[in-house]
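Engineer: Mind having a look at this structure? Questions to follow.
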Amino acid sequence: MELIRQFHRANLSENSLIRYLVVVTSGYLIWMGLLKLSESELKMIQYWLGGSSLWAPVLQWLPVKALATAMLVTETLFGGLLLSALWGGRFAWVGALGALLIFALNFGLLFTNPIFVADLGGFPWLGAGQGLIKYLAMFAVALYLFAHLAQTAGVTNKGAFLKGWASRLALAGIVLVMGWIGFLKFQPYEAQGIVDLMESNWLFSWTYLIWDVQGASKFIGVVELVFMVGILAFPFSVTLGRLGALGIALTAFGTLSFLFSLPGWSADAYFPLLNSSGVFIIKDQLLLAAAAILWHKYPSCDIAK
């Protein structure tokens with residue numbers, strides 16, 4: 001019982017949370033920005049923007065490399081400004097605002113690109129869009145940072161209000177990812193799609209010794225849905241919510257191991273030159289950051305209101 005009480009009382013201080021969010025978010029922006037001129041990223045820019053009803057016209061007059069260069073400068077600049085928060089940087093809030101815009105624009109690709117599996121009838125059978133739905137939780141992390149840093153800099157007095165919305169979006173973002181992707185694990189196309197990931201990793205390959213391909217996928221799906229239910233319980237039970245958050249942590253570190261077992265970079269490249277799979281995997285660290293926001297806020301912040 002004492003262990004349960006200590007688990008219930010454990011919390012991150014606001015200062016520790018902000019420093020953690022700053023490191024994770026700025027690290028992501030700088031890393032992804034520096035990758036923009038890699039062959040893998042150039043192909044991904046062409047694929048996503050070229051396939052977007054909104055952004056495709058831009059590529060008609062701006063070469064992909066020129067756009068990638070602009071993205072490199074923008075993302076590393078915002079990442080650097082955000083990182084300066086660790087040393088009291090006056091304009092760190094600008095970096096958080098930039099992260100907000102970048103994550104929002106990427107999330108918007110959900111509505112402008114063909115992301116569903118047409119052979120299965122489209123929605124809700126996600127194909128390439130599984131990485132895009134993570135941007136809602138990532139947006140929540142950036143919003144929380146902006147709220148804190150902008151209020152600290154005297155730019156706004158709405159910090160508490162914005163943090164409340166960031167907490168709501170963090171909850172919604174985690175549920176969206178864990179619920180949707182967990183649901184897809186029960187579908188044959190998704191079960192086949194994760195075979196290379198699972199077989200290459202000793203943390204997950206054992207599941208194929210017990211179940212067939214579909215059975216192992218269903219097992220992972222059940223685990224993800226259980227973690228989602230734990231997160232959903234936050235407004236009603238801090239203990240169950242925090243168990244769900246620990247589940248998100250296990251998920252984030254489990255998927256991070258794929259970076260080295262898959263691996264997350266092309267055969268003709270090397271770490272840290274990630275390929276599209278590596279970029280997808282790294283995003284889970286911001287999913288964990290969103291869970292950290294919920295861990296910190298409950299029970300002092302009632303997201304249900």
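The values are calculated or read from the model by the stated rules, or taken from the named source; none is laboratory data. On a predicted model such as this, the values are computed, not experimentally measured, just so you know. Here the Cβ positions follow ideal geometry from the backbone for every residue, glycine too, while neighbour counts run over all protein chains shown.
Engineer: For the range 1-54: of the residues being of a type in the set (Ser, Thr, Tyr) and over 22 Å from Leu246 (Cα atoms), which is modelled with the highest pLDDT?
Structural biologist: Going through the qualifying residues, I end up with Ser26.
Engineer: Hey, among Trp55, Trp87, Trp93, Trp61, which residue is among the aromatic types (Phe, Trp, Tyr) and touching a residue at least 60 places away in the same chain (Cβ under 8 Å)? Step through it out loud before you land on a result.
Structural biologist: Values: Trp55 fails: touching a residue at least 60 places away in the same chain (Cβ under 8 Å); Trp87 fails: touching a residue at least 60 places away in the same chain (Cβ under 8 Å); Trp61 fails: touching a residue at least 60 places away in the same chain (Cβ under 8 Å).
Unique residue meeting the criteria: Trp93.
Engineer: Ok, one more. With the condition kept exactly as written, say whether any residue in the range 99-114 is farther than 21 Å from Val177 by Cβ and at pLDDT below 95.
Structural biologist: No, that holds for no residue.
Engineer: If we scan the range 293-303, do we find a residue that is at pLDDT 85 or above and among the aliphatic types (A, V, I, L, M)? Spell out how you get there, then give the answer.
Structural biologist: Here is the first cut: in the range 293-303, the ones at pLDDT 85 or above are 293-297.
Checking the rest, the ones that are also among the aliphatic types (A, V, I, L, M) come to 293-294.
Yes: one or more hits.
Engineer: Give the residues of the range 98-125 that are in contact with a helix residue (DSSP H, G or I) (Cβ under 6 Å, 6 or more places away or on another chain) and either over 30 Å from Asn15 (Cβ atoms) or in a loop (DSSP other than H, G, I, E, B) (or both), sorted by residue number.
Structural biologist: Hits for the range 98-125 are Leu109, Leu110, Ile115.
Engineer: Just one of Gly95, Gly129 is assigned to a helix (DSSP H, G or I) and modelled with pLDDT under 95; which is it?
Structural biologist: When all the criteria are applied, what remains is Gly129.
Engineer: Taking Trp31 as meeting all but one of (1) assigned to a helix (DSSP H, G or I); (2) over 18 Å from Asp284 (Cβ atoms), write down the number of the exception.
Structural biologist: Going through (1) assigned to a helix (DSSP H, G or I); (2) over 18 Å from Asp284 (Cβ atoms) one by one, Trp31 breaks only (2).
Engineer: In the range 155-208, what residues are without any contact (Cβ under 8 Å) to a residue 40 or more places away in the chain and of a type in the set (Gly, Ala, Ser)?
Structural biologist: Selection gives Gly159, Ala160, Ala172, Ala191, Gly193, Ser205.
Engineer: Tally the residues that are surrounded by fewer than 16 Cβ atoms within 10 Å (Cβ to Cβ) and not small (Gly, Ala, Ser), restricting the search to the range 65-96.
Structural biologist: Here the count works out to 7.
Engineer: For the subset of the range 160-197 comprising residues that are among the small types (Gly, Ala, Ser) and either out of contact with any Leu (no Cβ under 6 Å at 6 or more places or on another chain) or under 15 Å from Gly254 (Cβ atoms) (or both), which member is surrounded by the fewest Cβ atoms within 10 Å (Cβ to Cβ)?
Structural biologist: Within the range 160-197, the match that is surrounded by the fewest Cβ atoms within 10 Å (Cβ to Cβ) is Ala160.
Engineer: Okay, next question. Within the range 198-210, can one find any residue that is β-branched (Val, Ile, Thr) and surrounded by fewer than 15 Cβ atoms within 10 Å (Cβ to Cβ)? If you could, list the steps in order and put the result at the bottom.
Structural biologist: Residues of the range 198-210 that are β-branched (Val, Ile, Thr), as a first pass: 207, 210.
From the residues that got through so far, the ones that are surrounded by fewer than 15 Cβ atoms within 10 Å (Cβ to Cβ) too are 210.
Checked against the condition, which is being β-branched (Val, Ile, Thr) and surrounded by fewer than 15 Cβ atoms within 10 Å (Cβ to Cβ), the range 198-210 yields at least one hit.
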